[in-house]
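Below is one structure, written out as structure tokens; the observations come after it.
The values are calculated or read from the model by the stated rules, or taken from the named source; none is laboratory data. Model, not experiment: these values are computed from the prediction. For neighbour counting, all protein chains shown are included, and Cβ atoms are generated from backbone atoms with ideal geometry for every residue, glycine included. Just the protein is used for accessible areas: all its heavy atoms, side chains included, with ligands, DNA and RNA removed. Shrake-Rupley method; radii C 1.70, N 1.55, O 1.52, S 1.80 Å.
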Amino acid sequence: MPMCGITGFIGNNAAANALEGLRTLEYRGYDSAGIAFATKEGRIKVVKTVGDVSALDKKLAAEDMSASNFAIAHTRWATHGGVSDANAHPHTDCTGKVAVVHNGIIENFQALRSELTSRGHNFSSETDSEVIGHLIEENLRTMGFVDAALAAFRRLEGSYAILAAYEGSPDALVAAKNQSPLVLSAGDGFAAAASDPVPLAKCSKEGLFLEDGDFAIIKKGSLEVLDLRTGKKVGRKPIVFGTGSVFSDKQEYPHFMLKEIYEAPAAIRLAAMQEPAALEKAARLVRENRVVFVACGTSRHASLVGRYLFNRIGGKFCEVVVASEFPYIAKNIVDDDLLVIAVSQSGETADVIEGVKIAKARGAKVLAITNVVGSSLDRISDCALHLNCGPEIGVAATKTFVAQLSLLYLLASTVVGKKDDEKRKLDEVSRILENSLPGWDAVGRKLSQRLAKEPAAYFIARGPNFPTALEGALKFKEITYIHAEGMAAGELKHGTLALISKGTPVIAICPNDYTHAETISNVMETAARGAFVIGCSDEPNSAFDELIAVPKVEEHHFPLVFSIPLQFLAYHTAVLRKNNPDRPRNLAKSVTVK
Ligand code: G6P
């Protein structure tokens, strides 16, 4: 049951176009990849393999794809069902004439599979997705491809973005969407489909973002959208792709992650360029409602900083709920005086989208903070603020965390009428950071020599930097594969201190602010047990074995500043351990399954 990237193309050089698009979707998963394309003889040929799109390229080297006039392709992130050639997509029916790619989870696949097996269908994978092709195959006995697919898709329960092709119908691909994203575009002599706008932005300025319950017929130069249940036509207005849809390259950097860390100062400035009306609307929503943040991963850590900012700048108490836990508590907290601030870089994280739907159904308002214009979250929210910092390709979020924090500073300050002041300050901080980056890069590289051999590392801080410690540990563990824990410094003595012994790395985030004295006391407690203390501070201290020096900034800007040297630390340690920091094992950038 994959959570994946899909592309489809109909027109000349379809296979090459579908593959080119697929390369930009690898942030969605890279366990295995595959393509189904039309051959010269008008047959469907499927080639798939464990590995990423470059592994697929190798396997395709001997194939003649030049005559392909349609193709569908897939890059997979496995959740259930092992990573194997057989489980890779596309999947076919028994005849090999129907091919399907799917992103999502077909929840009733077991029932469908037993039903189809009892009628003689042979399955060649363990996936939920394979049932789709067999369902279409059965319907094709009595109807044309479009009707066969419509009837098949109506039987599916769960989440899906599906593209299907049939060799008996070379002029049309069909698609359906429920919960997982799918965007379509068409132009002179071609039409294309993909999980996000990036693969489409090269040949189209705008596209149709399918809504849940949509079914689409994709033909050269034309797109038709029907309601999956009723079969009636629905109008979907084209949306112009944002500038974030332009795919970026690594330039001179060895990894996207390093390039994106260096983009932090620009990300701060870009995030601060908000449309005044949207910002004021968001601030009004914050002022007039109870507030809860709903987010996952790094976006949750940004939200936790946001909680401190709303409290200390805006005098407002709010909560942060892990998106996947939100449904379990929503019943008692959500009503029409609640504002849910949904923070999601991709705007596609399934847990966040589900939380937002629950909130909306119970009358709450939703403010989205996302980097992707036109994403599912963007479209279902009452109000949206965009990070505007360009696509982030590295799986580990870096510049988007910085952009999220910047936007939250701006929002908290707008709530109390200090927007212009904060904008100016953010600009100053971005200039200060620009000068600090090379030094942090160098110190990160130096300290990585010490950290790369360690079995564990502990990140501690207090106040608004407690989430910085959580984020520092997350970044570190997700790309180095070294166990790391981030915690409130005051919590150490309640358990984790038992794990500190001679040489254990403790990274103490320790600004010279109102948290300084108490954090230093906690540092001393670890030093007394032999910890190797890396202090991250604007003030040297004899308790530190090593210092990552940061400039003095206003106290609430420290989380923004500290996050960056910690990203360098994780990056260099990962590289030293010969890990690819852009593609940590088992992870994906956009998690569209629950
Ligand atoms: C995945 C990514 C993380 C990200 C999280 C939330 O786990 O690997 O880097 O923080 O999803 O993603 P979102 O797009 O909602 O911010």
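Assuming R0 = 56 Å, can you tell me the calculated FRET efficiency for the pair ALA452 and ASP147, based on Cβ-Cβ distance, to the nearest 0.05?
Once rounded, the FRET efficiency stands at 0.45.
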Based on DSSP, what percent of beta bridges with both residues in the chain are antiparallel, to the nearest 5?
-> 60 percent
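Considering Cα pairs under 8 angstrom that are at least six residues apart, work out the relative contact order of the stretch 435-528 and quote it in whole percent.
30 percent
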Applied in sequence order to the stretch 340-350, the curve 6.51 cos²θ - 1.76 cosθ + 1.60 (Karplus, θ = phi - 60°) yields integer Hz couplings, x standing for Gly and Pro, of 8, 9, 9, 9, 7, 3, 6, x, 10, 4, 4
Surface/4 of the Cα convex hull for the stretch 419-509, nm² = 7.3 nm²
Taking the Cβ of ASP31 as the centre, find all other residues whose Cβ is under 12 Å away and add up their charges (Lys, Arg: +1; Asp, Glu: -1).
-> +2
Note the angle between two axes, namely the Cα long axis of helix 276-288 and the longest principal axis of the Cα atoms of the chain, as a number of degrees from 0 to 90, rounded to the nearest 10.
-> 70 degrees
Residue-normalised value, i.e. accessible area per residue, for the chain at 1.4 Å probe, in Å², stands at 37 Å²
How much accessible surface does ARG269 have with a 1.4 Å probe, in Å² rounded to 10?
-> 60 Å²
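Between beta-carbons, use under 14 Å as the cut-off and find the net charge around GLN110, counting Lys and Arg +1, Asp and Glu -1. Before the final figure, lay out the partial values.
Details: positive: ARG113, ARG155; negative: GLU107, GLU115, GLU126, ASP128, GLU130, GLU157.
Value of the local net charge: -4.
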Using alpha carbon centroids, what distance separates the stretch 273-299 and the stretch 526-594, in Å?
-> 28 Å
Please work out how much accessible surface GLU454 shows to a 1.4 Å probe, ignoring ligands, DNA and RNA, in Å² rounded to 10.
-> 40 Å²
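Just need the Rg to Rh number for the chain, please, alpha carbons only, Kirkwood Rh.
1.00
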Ordered by residue, what ³J(HN,Hα) values in Hz, to whole numbers, does the stretch 535-540 give under the Karplus form 6.51 cos²θ - 1.76 cosθ + 1.60, where θ = phi - 60° and Gly and Pro are x?
-> x, 10, 7, 8, 9, x
Two-decimal Rg to Rh for the stretch 5-245 - Kirkwood Rh, Cα set = 0.93
How large, in percent, is the carbon and sulfur part of the accessible surface of the stretch 19-79 at a probe radius of 1.4 Å?
-> 50 percent
The stretch 1-123: radius of gyration and largest Cα-Cα distance (Dmax), Å | 14.2, 40
Per the rule of 0.36 nm per residue minus the C-alpha distance, extending CYS94 to ALA549 adds in nm 157.5 nm
What's the angle, to the nearest 10 degrees (0 to 90), between helix 297-312's Cα axis and the longest principal axis of the chain?
-> 40 degrees
Check: C-alpha center the stretch 347-370 vs C-alpha center the stretch 106-154, spacing in Å is 32 Å
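Taking every DSSP beta bridge with both residues inside the stretch 5-245, roughly what % is antiparallel (nearest 5)?
Working: 60 of 60 bridges.
Close to 100 percent.
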Carbon and sulfur atoms account, in whole percent of the 1.4 Å probe accessible area of the stretch 380-472, for 52 percent
Inter-label distance, nm, simple model (7 Å from Cα along the C-beta direction), ALA442/TYR328 = 4.8 nm
Pairs to check: LYS250/LYS589; LYS48/LYS477; LYS202/LYS357; LYS423/LYS589; LYS552/LYS578. Give those whose C-alpha atoms are more than 23 Å from each other in this structure.
-> LYS48/LYS477; LYS202/LYS357; LYS423/LYS589; LYS552/LYS578
Expressed as a whole-number percentage, the relative contact order of the stretch 367-409 with C-alpha contacts under 8 angstrom and at least six residues apart is 35 percent
Tell me, what is the FRET efficiency for ASN108 and ALA498 to the nearest 0.05, using R0 = 35 angstrom and their Cβ-Cβ distance as r?
-> 0.15
What does the charge count near ILE10 come to, summing +1 for each Lys or Arg and -1 for each Asp or Glu among other residues with Cβ under 9 Å from its Cβ?
-> +1
Whole-Hz Karplus ³J(HN,Hα) for the stretch 479-491, in order, using 6.51 cos²θ - 1.76 cosθ + 1.60 and θ = phi - 60°, x for Gly and Pro?
-> 10, 8, 6, 9, 4, 9, 10, x, 7, 5, 3, x, 7
What percent do you get for the relative contact order of the chain when only Cα pairs under 8 Å and 6+ apart count?
-> 12 percent
Would you calculate the volume per residue, in Å³, of the smallest convex hull containing every Cα atom of the stretch 46-85?
-> 76 Å³
Against the longest alpha carbon principal axis of the chain, how many degrees, from 0 to 90 and to the nearest 10, is the axis of helix 558-576 turned?
-> 60 degrees
